[in-house]
1. Hey, if you put +1 on the Cβ of every Lys and Arg and -1 on every Asp and Glu Cβ in the chain, which of Phe104, Leu327, Ala8 ends up farthest toward the positive end of that dipole?
2. Largest first, what is the accessible-area ranking of Lys363, Lys375, Lys190 with a 1.4 Å probe?
3. Would you mind telling me the share, in percent, of accessible area of the chain contributed by carbon and sulfur at probe 1.4 angstrom?
4. In debye to the nearest 20, how big a dipole does the chain give about its Cα centre with +1 on each Lys and Arg Cβ and -1 on each Asp and Glu Cβ?
5. As a quick test, which of the pairs Lys190/Lys417; Lys308/Lys360; Lys336/Lys363; Lys190/Lys255; Lys308/Lys375; Lys363/Lys417 have an alpha carbon distance above 24 angstrom in this structure?
6. When Lys and Arg each count +1 and Asp and Glu each count -1, what net charge do the other residues less than 12 Å away from Leu210, Cβ to Cβ, add up to?
7. Might you report the magnitude of the Cβ-based charge dipole of segment 328-380 about its Cα centre, with Lys and Arg at +1 and Asp and Glu at -1, to the nearest 20 debye?
8. Defining a contact as two alpha carbons under 8 Å apart and six or more residues distant in sequence, what relative contact order in percent does segment 101-224 show?
Amino acid sequence: MARHIHRAAVFHLLDDPSHDPDAARYIPDGVLVVEDGHVAEAGAWSAIGPRLGDTPVTRHRDALIVPGFVDAHVHYPQLDVIASPAAHLLDWLNTHTFPSEIRFADRAVADEAAAFFLTELLRHGTTTALVYPTVHKGSAEALFAAAQARNMRLATGKVLMDRNAPDGLRDTADEGSSDSAALIAKWHGKGRLTYAVTPRFAATSTDRQLELAGALLREHPGVLLHTHLSENHEEIALVRSLFPDCADYLGVYEKFGLATDRSVFAHGLHLSDSEWTRMGANGSAIAFCPTSNLFLGSGLFDIATAHKHGVTVGLATDVGGGTSLSLLQTMNEAFKVGQLRRRMLDPFTLFYLATLGGAKALKMDAHIGNFAAGKEADFLVLDLAATPLLARRIAAARTPGEILFALAMLGDDRAVKATYVAGALAHSRV
Ligand SMILES: [Zn+2]
């Protein structure tokens, strides 16, 4: 048995702090014990340390150990168009995104981008993500292979789009379905990988393609459904015009059996009361993408209403519409969106959204999201002195909440000292 012991301040959440005020665990002198890549225990050094025998201890000074971050929605082929200005979503897609995604027909392009992407995720402290590749089967294969090589828990699936997209970025309904089925057979449940059936959004799929996507979900009980929903008013109007028999945007996904308790919808910014109620009843999750929503001027996510309807929410970067791969930066922007919605997000909730909340959204909370015994040991060592300003602010902090809030407001990839995947060091800042 391989055992590793990490001593530092430790923080994780046992549940959603907006439901359970006692869910947060902050241990100033803590220890995380890892055995064979899994959490054996986490707690106070004073309680656990004396019975650990002579196993060497890795001491992390000025550091906080937290669970690895979960990015609930991100596009790996868009790294070359991050930081490209656009007036709004549809302009962004046509001007920047589609031309960039066409290059992923070339497997070598996909392999290089997938390797770069995962290295960047780990450098930013993200150990799990739900990821869009492109319409090309090879772009999903490239990411699965790269994630498997790094032993990362990751979900992706070939994008389905058989209309309203340029040449070189369309599949057909039947080819999209058979390619998805082949990818599920090859990758789903292999190691730490999950397949996600991924229609780009309702407007880029025919009825037949959405029908076949629904059939894939029914035939493969463990796979996720990953798509976009209600991001932008022009997009919503387009979907309504394409599906005149559906009462609203969510109704399109419901009609084809795609609004399930395994569905993760990016955005959900402009949902009606009826759509919110049905989201709660369907058990679907939303990926909250604040940097993207602000960058594209899409709108302000209403987390209070999500909570009211019991909708699971995970935090997401949505790069390249989003402007940072850092979940710490994304917490910062999520807080500001909350302020504009008159819902002040506490630091425990911000960290919850980026760890256990994201894990729940992706149906992975049995495996990751906190340091409950038996979970996979994906964790970060955050540097409490990463910058002079962060060090100064944290020195003045009086409570765990103040320390976490300073990390969320002032932190970014510079604060990630080390990233561990299943107990093994996967990134170390030089
Ligand atoms: Zn997106």
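The values are calculated or read from the model by the stated rules, or taken from the named source; none is laboratory data. Fair warning: this is a prediction, and the values are worked out from it, not measured in the lab. Counting neighbours? That spans all protein chains shown, and the Cβs are built from the backbone with ideal geometry, glycine included. Surface areas here come from the heavy atoms of the whole protein model, side chains and all, with no ligands, DNA or RNA. Shrake-Rupley method; radii C 1.70, N 1.55, O 1.52, S 1.80 Å.
1. Ala8
2. Details: Lys363 105, Lys375 20, Lys190 80 Å².
Sorted descending by solvent-accessible area, the residues read Lys363, Lys190, Lys375.
3. Values: 8080 of 15320 Å².
The value for the chain is 53 percent carbon and sulfur by accessible area.
4. Values: 39 positive and 48 negative charges, 219 e Å.
Result for the chain is approximately 1060 debye, rounded to the nearest 20.
5. Working: Lys190/Lys417 29 Å; Lys308/Lys360 17 Å; Lys336/Lys363 27 Å; Lys190/Lys255 31 Å; Lys308/Lys375 29 Å; Lys363/Lys417 28 Å.
Too far apart for the 24 Å limit: Lys190/Lys417; Lys336/Lys363; Lys190/Lys255; Lys308/Lys375; Lys363/Lys417.
6. Values: positive: Arg163, Arg200, Arg208, Lys255; negative: Asp162, Asp207, Glu211, Glu254.
Residues close to Leu210 contribute a combined charge of 0.
7. On the way: 7 positive and 5 negative charges, 67 e Å.
Here the size comes out at about 320 debye.
8. Working: 208 pairs, mean separation 29.3, N = 124.
Worked out over segment 101-224, it gives 24 percent.
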